[in-house]
Amino acid sequence: MPGQRPAYPESQCQPVWIRPGQSWPVRRRLQPTAASTCSFGLTARSDSRNSGATPRTWAPGHLSPTSQIGSSGRRSKRCPLPGMPFLGSPEYSTVRPDGQQRTEAAGSDVPPAWCSGTPFGPARPVRFTPKYRDPMDLGRVGIWWSGAWQAAEDSSVDVAAELEELGYTALWSSGGFQPGLSPHFERLLASSTGIMVCSGIVSTWSTPPDEIGRAVTDLEVRHPGRFVLGIGASHAAIVENYSRPYSHMVAYLDALDALDAAGPAAASGRRVLAALGPRMLSLAADRAAGAHPYFVPVEHTARAREVLGPDALLAPEVTVLLEKDASTARRVARAFTAGYLSLPNYANNLRSLGFGDEDLAHGGSDRLVDAVVAWGDTDDIANRIRQHLEAGADHVCVQVLAPPGSFPLQTYRELAPALTGI
């Protein structure tokens, strides 16, 4: 890159360009000791931002080691960043990505040879945010639903319990626009045993962060490790006095972090952001476990992975319709897409992916509708979910199109054998 140069020999570790002024909040307990650091000669500048953490800002033109894939085939912990604990630290496993034991001496300041190279393609910005990366297993395929979690054909059926039994691994639900954290999250948690329950999303405009923090803490006490807080900046057409959504989100996250600093209040390691554009996606990688995009095609999933980097969670929502007739499927889908295409956030995101004004008009062109709504038989829908996973998604939340107020339990039953085995 013009004006930038590697700060250490490229043979030591695959370089990744760091954007000028980029910061990583680092927990105080991870501060290095004299006997356990890794330094590649990068120049660090102090930064007074991010209270409650010790930020480290790398000067323009400097590089950092990249991530490496683990022996399990899943993305694993990074090669250590400059000045961070290296061998012998509990943050880093003693097992190499190839499954063998590391042989380097503890306290070594030379990056191990297996750190070189990356299976994730071009170099991406690397962030080290352990504070926001609690271990959680969302599985591959979950459910997204914004209405009542009650089967229309039989109101006595416990929907959450049956979905868990069918093999779905997470339940995502809108937080609505009423103040507070909706009580239906507690009901979903109470009626299931181990499945993750996620808000997708709670509006940052409807409820103050301290109230959300207390509600999440209450859920954590009763159902430890099972709730994921998804928050988003919503839309100008929906929110009164809507302005500067990015700055508002940063301030909201700062307030949640302040609560977390005073005690484990806001489950910071299980927090995701509704994100479409690169700026909010970058914030999701820096200040949350990852991103939960909504109303997106496969092309957006690939782009989001590039922005997020290899380690952040990417859990897009994908709308599906079990209908093999093209004209019927598109007619039903347009009743769904028309409302979202009237919102600038979604329309502009699709424009950035190559869709023109003619594609966005009248509920969407055939090309656009087919891109954001997967329709067909169970195999067609499973193939679309698989495409998102191959494009970089870690988890896909499947929303079945159905009449308002009618939870499509039967459709999820039909889809389960094809989806839960992906």
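The values are calculated or read from the model by the stated rules, or taken from the named source; none is laboratory data. All values reported here derive from a predicted model rather than from experimental measurement. Neighbour counts are summed over all protein chains in view; Cβ atoms, including those assigned to glycine, are modelled from backbone coordinates with ideal geometry.
Regarding segment 329-336, can at least one residue be identified that is touching a Lys or Arg at 6+ places or on another chain (Cβ under 9 Å), surrounded by 22 or more Cβ atoms within 10 Å (Cβ to Cβ), assigned by TED's automatic domain parsing to the domain that holds Ala170 and assigned to a helix (DSSP H, G or I)? Break it down into steps so the answer makes sense when it comes.
The first filter runs over segment 329-336 and keeps only residues touching a Lys or Arg at 6+ places or on another chain (Cβ under 9 Å), leaving none.
The answer is no; no qualifying residue exists.
From the list Gln410, Gln399, Gln387, which residue is touching a Phe, Trp or Tyr at 6+ places or on another chain (Cβ under 9 Å) and in contact (Cβ under 8 Å) with a residue 60 or more places away in the chain? Unique residue meeting the criteria: Gln399.
Gly405 satisfies every condition listed in (1) surrounded by 19 or more Cβ atoms within 10 Å (Cβ to Cβ); (2) over 25 Å from the mean Cα position of the chain (by Cα); (3) not basic (Lys, Arg) except (1).
Inclusion of Tyr340 among residues that are of a type in the set (Ser, Thr, Tyr) and buried (at least 21 other Cβ atoms within 10 Å of the Cβ) is not warranted. Among the residues that make up segment 353-368, is at least one of them under 19 Å from the mean Cα position of the chain (by Cα), in contact (Cβ under 8 Å) with a residue 12 or more places away in the chain and closer than 18 Å to Gly392 by Cα? Looking through segment 353-368, none of the residues is under 19 Å from the mean Cα position of the chain (by Cα), in contact (Cβ under 8 Å) with a residue 12 or more places away in the chain and closer than 18 Å to Gly392 by Cα. Among the residues that make up segment 185-203, is at least one of them out of contact with any strand residue (DSSP E or B) (no Cβ under 8 Å at 6 or more places or on another chain) and buried (at least 21 other Cβ atoms within 10 Å of the Cβ)? No - not one qualifying residue is present in segment 185-203. Taken over segment 287-329, the residue count meeting the criterion of being of a type in the set (Asp, Glu), without any contact (Cβ under 8 Å) to a residue 60 or more places away in the chain and more than 22 Å from Phe407 (Cβ to Cβ) is 1. Counting residues in segment 235-258 that are under 23 Å from His388 (Cβ atoms) and touching a His at 6+ places or on another chain (Cβ under 8 Å) gives zero. Filtered by the rule that a residue be surrounded by fewer than 16 Cβ atoms within 10 Å (Cβ to Cβ) and in a loop (DSSP other than H, G, I, E, B), segment 204-224 gives Pro208, Pro224.
Among Gly175, Gly180, Gly200, which is touching a Cys at 6+ places or on another chain (Cβ under 8 Å), under 24 Å from Ala258 (Cα atoms) and either in the same structural domain as Met280 (by TED's automatic domain parsing) or not polar (S, T, N, Q) (or both)?
Working: Gly175 fails: touching a Cys at 6+ places or on another chain (Cβ under 8 Å); Gly180 fails: touching a Cys at 6+ places or on another chain (Cβ under 8 Å).
Of Gly175, Gly180, Gly200, the one residue that is touching a Cys at 6+ places or on another chain (Cβ under 8 Å), under 24 Å from Ala258 (Cα atoms) and either in the same structural domain as Met280 (by TED's automatic domain parsing) or not polar (S, T, N, Q) (or both) is Gly200.
Selection of helices (runs of 4 or more DSSP H) fully inside segment 339-422 by the criterion of at least 1 residues being over 28 Å from Glu153 (Cα atoms) returns 344-352, 357-360, 366-372, 378-391.
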